[in-house]
Amino acid sequence: MNLSDSQTGGAGPRRVSAMEAVLSHLRGAIERGAYAIGDKLPSEAELCRTLEVSRPVLREALRALQTMGLTVSRTGRGTFVVADAVEEPTFGDYAAGDLMEVRRHIEIPVAGYAARRRTPENLDRLNRLLDRMERETDTAAWAAMDTLFHLAVAEAAQNPVFRR
């Protein structure tokens, strides 16, 4: 199965990331009942092959499913479906989808500023976090480190508004 890199919406096609496409595919399969509560999802290797994506892309989508409360990951055993529907999450007055749409317009420039303004200490911290994230197998621990990584990028940009 080849995942499309665009979706159509009311305003015409919108480019989506590979992770968003995988997340949408897996979430749809769970909500349609292709994977029922209690079912184990196929292995990461099998999903990567079937969906034609890299392991990091798949893992990010699997973490998102877990964050949404649709799955739970059990180290050494796999990922299991624990719910078949989820309300669209919100953060304050904002829907998660709205935040994801805005996120790409903030994170890309912040990364550019960080690349130009970072100190050697900033770079060392980012590299250490990336190394730890590469080795981490626990989803909750990885998500916590991902948050720290994004904060470290914001700090490296040398603008306190980005960190906020």
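Values for this structure:
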| read-out | value |
| --- | --- |
| Enumeration of residues in the stretch 134-164 that are in contact with a Phe, Trp or Tyr (Cβ under 6 Å, 6 or more places away or on another chain) and in a helix (DSSP H, G or I) | 154 |
| Verdict on residue 84 being under 30 Å from residue 45 (Cα atoms), open to solvent by 60 Å² or more (accessible area, probe 1.4 Å), at pLDDT below 90 and of a type outside the set (Ser, Thr, Tyr) | yes |
| Subset of the stretch 114-137 [exposed (fewer than 11 other Cβ atoms within 10 Å of the Cβ) and more than 21 Å from residue 157 (Cα to Cα)] | 134, 135, 137 |
| Residues located in the stretch 138-164, provided they are surrounded by 15 or more Cβ atoms within 10 Å (Cβ to Cβ) and farther than 19 Å from residue 103 by Cβ | 139, 158 |
| Any hit, the stretch 52-71, residues being in contact with a helix residue (DSSP H, G or I) (Cβ under 9 Å, 6 or more places away or on another chain), within 16 Å of residue 142 (Cβ to Cβ) and in a strand (DSSP E or B) | yes |
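Here is a yes/no grid of residues against (1) farther than 30 Å from residue 72 by Cα; (2) at pLDDT 90 or above:
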position	(1), (2)
115	yes, yes
124	yes, yes
135	no, no
142	no, no
155	yes, yes
161	yes, no
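The values are calculated or read from the model by the stated rules, or taken from the named source; none is laboratory data. Everything quoted here is computed from the prediction, not taken from an experiment. Quick reminder, even Gly has a Cβ in these numbers, built from the backbone with ideal geometry, and neighbours come from all protein chains shown. The protein model used for the area step is the full one, side chains on, heavy atoms only, and it has no ligands, DNA or RNA in it. Shrake-Rupley method; radii C 1.70, N 1.55, O 1.52, S 1.80 Å.
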